[in-house]
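Peer 1: Mind looking over this structure? Questions follow.
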Amino acid sequence: MRSIRAAAVGAVTMSLALAASACGGGSPTGGGSDDSPKTLTYWASNQGASIEVDKKVLQPELDKFEQQTGIEVKLEVVPWSDLLNRILTATTSGQGPDVLNIGNTWSASLQATGALLPWNAGNLDKIGGKDRFVDSALGSTGAQGQDPAAVPLYSMAYALYYNKKMFADAGISKPPATWDELIADGRKLSQDGKWGLGVEGSNPSENIHHAVVFAKQHGADFFTADGKPDFTSDQAVEGVKQFVDLMAKDRIIAPGNAEYAQNQSVSDFAKGRTAMLLWQSASANLKSQGMSEDAYGVAPVPVQSGTPGAGTGVNSMVMGINLAVFKNTDNLDGATKFVKFMTSDAEQKILNEAYSSIPPVKGAQSDQAFNTPANAVLKDTLAGSAVAAPQVADESQFETAVGTAIKELFADAAAGRAVTTDSVKAALEKAQQQMPTK
């Protein structure tokens, strides 16, 4: 999922609590009244460098769909800062779009509202069947044992991007594979106003993505097997502290990064202010900022042992965008046709190439555009060393609460206040107290 900004916990909690009873408006089967069979509304997420870039990417494809089906698609590209709250408001009011993009980490939370169309076997058959999609992408479409709440549209993974010239100038011959190596390299690179690594310390969602990975590398999850919050285990605390310590103790991240929340770390990397960047599928973003593909390399995110894989070798969340349909749409047939179109092999090649993401549709992955060295790293990560976000109903509250706790820890680090095991545990305890009680 592309980075979201924090949503207010109270608003999220209230929306989820009310949604089950307030998301009606269509028929019991979700077909609606079919008042506008030739029109669909579509909320797209902001995937490109700007909303205008997204319109230029998407509108020709929507025009193509209209030519093929006679159905006009009214497009609105919604910024990530607004998207989750817009969706939650729509689930409570029943006044939403027909089709919408959702961050894949939100799938289980939005599934719990009851507002989204379940993609049961019958619905999946209408778009070519479940087997067309990559398993790792399907793993982030809703709670285990339930019909998916959405279908995968774009797949992404985190990687380590590194500036080749800055590495060569510092005498570093290869990208780091372990965190110890990254810290050692980062210290060599943090000279003369330049810094080793960039992060978005004020971006709760970016914080959460890294926190889940660091916790996994220490053998921890943030939820128990029955879905209860477990934010303060020794391993989770250790993982979060290791992440924040990259600024607080290791000093390879500029203190100003504690205030970064909207692609500033990508900009710093593109402009040569930082030598390394942990980001999800960044090539299109870097190209839009004038950085040549020859100027940087792409490697797996480091792990404790240096060997990415399952278990403690996890080095990314399974990131991406899913495509969902509001259950009370007045044009279920048209919405289903649109999902089939957007997930067709041909459209998957066009759209994922435009956004430097990986097609979650198997038939599109063989295209040459997705077999570059950079994409090979992302595909290998998704296939073997990435983990799905917690597929629990309270996932969006988790993102906000823990992501904000880490934001505050980065603020402490930037201000020179001590970040200790006790202070990290206290911050995570406070976040856990903000979670809904069952």
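The values are calculated or read from the model by the stated rules, or taken from the named source; none is laboratory data. Source: prediction; values computed, not measured. Every residue, glycine as well, gets a Cβ built from its backbone with ideal geometry; the counts of neighbours run over all protein chains shown.
Peer 1: State all residues of region 109-122 that are surrounded by 18 or more Cβ atoms within 10 Å (Cβ to Cβ), out of contact with any helix residue (DSSP H, G or I) (no Cβ under 7 Å at 6 or more places or on another chain) and in a helix (DSSP H, G or I); if no residue qualifies, say none.
Peer 2: Gln111
Peer 1: Within region 387-438, which residues are closer than 23 Å to Val318 by Cβ and either without any contact (Cβ under 8 Å) to a residue 12 or more places away in the chain or not in a helix (DSSP H, G or I) (or both)?
Peer 2: Selection gives Val387, Ala388, Ala389, Pro390, Gln391, Val392, Ala393, Asp394, Met435.
Peer 1: Quick one: in region 240-257, of everything that is in a helix (DSSP H, G or I) and touching a helix residue (DSSP H, G or I) at 6+ places or on another chain (Cβ under 6 Å), which residue is nearest to Gly193 (Cα to Cα)? Break it down stepwise before answering.
Peer 2: So in region 240-257, the residues in a helix (DSSP H, G or I) come out as 240-248, 255-257.
Next, only the ones that are touching a helix residue (DSSP H, G or I) at 6+ places or on another chain (Cβ under 6 Å) stay: 240-244, 247-248, 255.
Details: Val240: 27, Lys241: 25, Gln242: 24, Phe243: 22, Val244: 21, Met247: 15, Ala248: 17, Pro255: 12 Å.
Applying the filter and picking the extreme gives Pro255.
Peer 1: Now a separate question. Quick check: anything in region 228-239 surrounded by fewer than 24 Cβ atoms within 10 Å (Cβ to Cβ), polar (S, T, N, Q), in the same structural domain as Asp422 (by TED's automatic domain parsing) and part of a loop (DSSP other than H, G, I, E, B)?
Peer 2: Checking region 228-239: at least one residue is surrounded by fewer than 24 Cβ atoms within 10 Å (Cβ to Cβ), polar (S, T, N, Q), in the same structural domain as Asp422 (by TED's automatic domain parsing) and part of a loop (DSSP other than H, G, I, E, B).
Peer 1: Moving to a separate point now. I'd like the full set of residues that are surrounded by 24 or more Cβ atoms within 10 Å (Cβ to Cβ) and more than 20 Å from Gly256 (Cβ to Cβ), limited to region 186-208.
Peer 2: Ile208
Peer 1: Quick test for you: out of Ala275, Ala261, Ala284, Ala324, pick the one residue that is in the same structural domain as Pro204 (by TED's automatic domain parsing), closer than 26 Å to Asn46 by Cβ and outside any loop (DSSP other than H, G, I, E, B).
Peer 2: Details: Ala275 fails: closer than 26 Å to Asn46 by Cβ; Ala261 fails: outside any loop (DSSP other than H, G, I, E, B); Ala324 fails: in the same structural domain as Pro204 (by TED's automatic domain parsing).
Ala284 is the lone residue from the list that is in the same structural domain as Pro204 (by TED's automatic domain parsing), closer than 26 Å to Asn46 by Cβ and outside any loop (DSSP other than H, G, I, E, B).
Peer 1: Something else: How many residues, within region 155-192, are within 30 Å of Gly384 (Cβ to Cβ), assigned to a loop (DSSP other than H, G, I, E, B) and polar (S, T, N, Q)?
Peer 2: 2
Peer 1: Could you list, in sequence order, the residues of region 75-108 that are among the charged types (D, E, K, R) and assigned to a helix (DSSP H, G or I)? Spell out the reasoning first.
Peer 2: Step one: filter region 75-108 for residues among the charged types (D, E, K, R), giving 76, 82, 86, 98.
Of everything in region 75-108, those that are among the charged types (D, E, K, R) and assigned to a helix (DSSP H, G or I) turn out to be Asp82, Arg86.
Peer 1: Evaluate the following for Asp330: is it of a type outside the set (A, V, I, L, M, F, W, C) and at pLDDT below 90? Full working, then the answer.
Peer 2: Numbers: of a type outside the set (A, V, I, L, M, F, W, C): yes; at pLDDT below 90: no.
So Asp330 fails the test.
Peer 1: Same structure again: If you take the residues in region 343-365 that are more than 19 Å from the chain's Cα centre (by Cα) and within 19 Å of Ser140 (Cβ to Cβ), which one is surrounded by the fewest Cβ atoms within 10 Å (Cβ to Cβ)? Talk me through it step by step, then tell me what you get.
Peer 2: Applying the first criterion (more than 19 Å from the chain's Cα centre (by Cα)) to region 343-365 yields 344-347, 349-350, 362-365.
Now drop any that are not within 19 Å of Ser140 (Cβ to Cβ), which leaves 362, 364-365.
Numbers: Lys362: 15, Ala364: 23, Gln365: 20.
Residue satisfying both the conditions and the ranking: Lys362.
Peer 1: Filter region 258-281 down to the residues that are of a type in the set (A, V, I, L, M, F, W, C) and either touching a strand residue (DSSP E or B) at 6+ places or on another chain (Cβ under 7 Å) or within 16 Å of Ile208 (Cα to Cα) (or both) and list them by number.
Peer 2: First, pick out the residues of region 258-281 that are of a type in the set (A, V, I, L, M, F, W, C): 258, 261, 266, 269-270, 275-279.
Listed by number, the residues that qualify are Ala258, Ala261, Val266, Phe269, Ala275, Met276, Leu277, Leu278, Trp279.
Peer 1: What are the pairs with Cβ atoms under 6 angstrom where one residue, in region 106-133, is at positive phi and the other, located anywhere, is surrounded by fewer than 19 Cβ atoms within 10 Å (Cβ to Cβ) and assigned to a helix (DSSP H, G or I)? Sequence gap at least six, or different chains.
Peer 2: Gly114/Ala20
Peer 1: Right, next: Take Leu16 and tell me if it is modelled with pLDDT under 90, of a type in the set (A, V, I, L, M) and over 28 Å from Ile350 (Cβ atoms).
Peer 2: Working: modelled with pLDDT under 90: yes; of a type in the set (A, V, I, L, M): yes; over 28 Å from Ile350 (Cβ atoms): yes.
Here the answer is yes, as Leu16 does meet what is asked.
Peer 1: Filtering region 269-288 down to residues that are surrounded by fewer than 21 Cβ atoms within 10 Å (Cβ to Cβ) and at pLDDT 90 or above, which residue is nearest to Ile252 (Cα to Cα)? Step through it out loud before you land on a result.
Peer 2: Of region 269-288, the ones surrounded by fewer than 21 Cβ atoms within 10 Å (Cβ to Cβ) are 271-273, 284, 287-288.
Now narrow it down to the ones that are at pLDDT 90 or above: 271-273.
Values: Lys271: 17, Gly272: 15, Arg273: 12 Å.
Looking at residues that are surrounded by fewer than 21 Cβ atoms within 10 Å (Cβ to Cβ) and at pLDDT 90 or above, I get Arg273.
Peer 1: Taking the conditions exactly as written (in contact with a helix residue (DSSP H, G or I) (Cβ under 7 Å, 6 or more places away or on another chain), surrounded by 20 or more Cβ atoms within 10 Å (Cβ to Cβ) and in a loop (DSSP other than H, G, I, E, B)), does Thr307 satisfy them or not? I'd like the intermediate steps shown before the answer.
Peer 2: On the way: in contact with a helix residue (DSSP H, G or I) (Cβ under 7 Å, 6 or more places away or on another chain): yes; surrounded by 20 or more Cβ atoms within 10 Å (Cβ to Cβ): no; in a loop (DSSP other than H, G, I, E, B): yes.
No: the conditions fail for Thr307.
Peer 1: Being more than 19 Å from Ala261 (Cβ to Cβ) and within 17 Å of the chain's Cα centre (by Cα) is the requirement here; does Ala388 meet it?
Peer 2: Working: more than 19 Å from Ala261 (Cβ to Cβ): yes; within 17 Å of the chain's Cα centre (by Cα): yes.
Judged against the criteria, Ala388 is a match.
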